[in-house]
Amino acid sequence: MNQTHDHDHDHDHDHDHSHGHDHSHDHAHDHAHDHNDPFHAHPGALVNADELDPANRSLHEALRLSFGILKIIMILLVIAFLFSGTRSVNEGTVAVRTIFGAIQGDKSQQALEPGGPYFWPPEPIGQFIIVPTTVQRVRLDDNNAFWFYLRDEQKALPLDKLGMGEGLMPGRDGSLVTGDKNIMHAKFSVNYRILKNDAPAFARNVGTIERASELVRAAASRGVVHMVASVTADDLIRSNVEEAKANAKQEIQNELDRLHTGITVTELQFEQAVPPLAVRDAFQAVSKAEADRGEMIVEARKKATDVLTQTAGEGYRDLLAAIDAYEEARRTDDKLAIASADARINDLLESAKVTGKVARLLADARTYRTQARKSIEAEAYEFTRLLPQYLDNPRIVMNRLQQDVRQDVLAGDVETFYLPSDPGKTLYLEINRDPQILKQKEAQRYAKQQNPAGE
């Protein structure tokens, strides 16, 4: 393209070489430039660098080179921008991907497992939302929701060192009202987590763990208020609240499900409950009395069980039941029931289930009955044998019986004293045994044992 700059200056010069020029140039410049002018090219027309002077040609090359570098940098920036969405998912988390805010993937694949790398367009086109699946914990006493206010220097002190406290102040001290209209302070905490299948709902409706903790705190506070309102102060102090705690946990879960948070409550922990400090000593006195009463009842029942077991063995329960049935039958004067209960008692007494003192007493009674029967039978036999002789000659039989009795009496360890026939003399008897006589008898007994044949 050869564009020429044709400056046709129609100079009507009358060259008068005597410097009396008449410089009245008739410059009739036609400012309608020729479109072949390389310095005044038409917009959009290409410039031939060969027709430029060296300076303009250098500028042209520099601009062309700079524009090429700029295009490469822009391409690299676009590529870097697109690949900046490459992410990995750590253990204990899952990831949810969105494009312009819409969650992507099938329902079963919307949450990505730990691993990677995963490529996804960065913001503002896409988002790669990391959702933790580990157990999170929210303490309800962090903001004195249900606990009394403590200054910094008091927080490390045990309750016994806090004294009577400063009294409850609404707006500063937290508290709860029990079912029996008592004011109590309590500490609770909630454990929760986000399951993998619930991660899309969590990402859509909650977004961050901080928001999740606030939602759980609000729902748990409401559930705890309802829980404590359903139990007494004594039950709360003794931690006898398992059923109420289970109901509160379910209420918290229902509220979170209603909001479609994707949060699962794993545990509602009841840590401690105390009455207001001003009346804590009185509560403790009552609790101690109740505890002492309970211990005494337990001890009494244990002693009762020990006594009954020693008395009748393991069968004492059946025996007591049979005795109670017998007494009830006697109270109603039911003859049939009395006979049945009496038979039941006798059967138990004869069985091996009843042991202990009762069994020993029964055994002794049976032995005594046998011995008494044998003794009576022997006496009856002897009486029957002597009766005919006595009828024939009573004096002879009586004398012989007296001699037999005397012989039996004197055959034992008996000291014999001979009385004088003179009734006027006074006789003194030593009540204590004569030690010399005892020694003689012991020596005789020993000698007899050493020589039983009398050699």
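The values are calculated or read from the model by the stated rules, or taken from the named source; none is laboratory data. Source: prediction; values computed, not measured. No Cβ is skipped: glycine too gets one built from the backbone with ideal geometry, and neighbour counts run over all protein chains shown. For accessibility, only protein heavy atoms count, side chains too; no ligands or nucleic acids. Shrake-Rupley method; radii C 1.70, N 1.55, O 1.52, S 1.80 Å.
For the stretch 323-361, which positions are of a type in the set (A, V, I, L, M), outside any helix (DSSP H, G or I) and surrounded by 13 or more Cβ atoms within 10 Å (Cβ to Cβ)?
Scanning the stretch 323-361 gives a single hit, Val354.
Taking Ser221 as the residue in question, decide whether it is out of contact with any strand residue (DSSP E or B) (no Cβ under 8 Å at 6 or more places or on another chain), closer than 16 Å to Leu176 by Cβ and in a loop (DSSP other than H, G, I, E, B).
Taking the combined requirement at face value, the residue does not satisfy it.
Could you identify the single residue in Ala219, Ala203 that is closer than 19 Å to Val135 by Cα and either open to solvent by 40 Å² or more (accessible area, probe 1.4 Å) or touching a helix residue (DSSP H, G or I) at 6+ places or on another chain (Cβ under 7 Å) (or both)?
Ala219 is the lone residue from the list that is closer than 19 Å to Val135 by Cα and either open to solvent by 40 Å² or more (accessible area, probe 1.4 Å) or touching a helix residue (DSSP H, G or I) at 6+ places or on another chain (Cβ under 7 Å) (or both).
Can you tell me which residue in the stretch 261-309 is nearest to the chain's Cα centre (by Cα), limited to those that are among the hydroxyl-bearing types (Ser, Thr, Tyr) and in a strand (DSSP E or B)?
Filtering the stretch 261-309 for residues that are among the hydroxyl-bearing types (Ser, Thr, Tyr) and in a strand (DSSP E or B), the one nearest to the chain's Cα centre (by Cα) comes out as Thr266.
Which one of these is open to solvent by less than 70 Å² (accessible area, probe 1.4 Å), part of a helix (DSSP H, G or I) and within 30 Å of Val397 (Cβ to Cβ): Ala372, Ala312, Ala365?
Checking each option against the conditions leaves just Ala372.
In the stretch 224-245, which residue that is in a helix (DSSP H, G or I) and open to solvent by 60 Å² or more (accessible area, probe 1.4 Å) is nearest to Val138 (Cα to Cα)?
Val225
I'm checking my understanding of the structure. Among residues of the stretch 265-274 that are closer than 20 Å to Arg137 by Cβ and touching a helix residue (DSSP H, G or I) at 6+ places or on another chain (Cβ under 7 Å), which one is surrounded by the fewest Cβ atoms within 10 Å (Cβ to Cβ)?
It comes out as Phe270.
Looking at (1) at pLDDT below 75; (2) part of a strand (DSSP E or B), can you tell me which one Gly85 breaks?
For Gly85, the failing item is (2).
Would you check which residues across the stretch 177-218 are within 24 Å of the chain's Cα centre (by Cα) and without any contact (Cβ under 8 Å) to a residue 60 or more places away in the chain and list them?
Val177, Thr178, Gly179, Glu214, Leu215, Ala218, listed by residue number.
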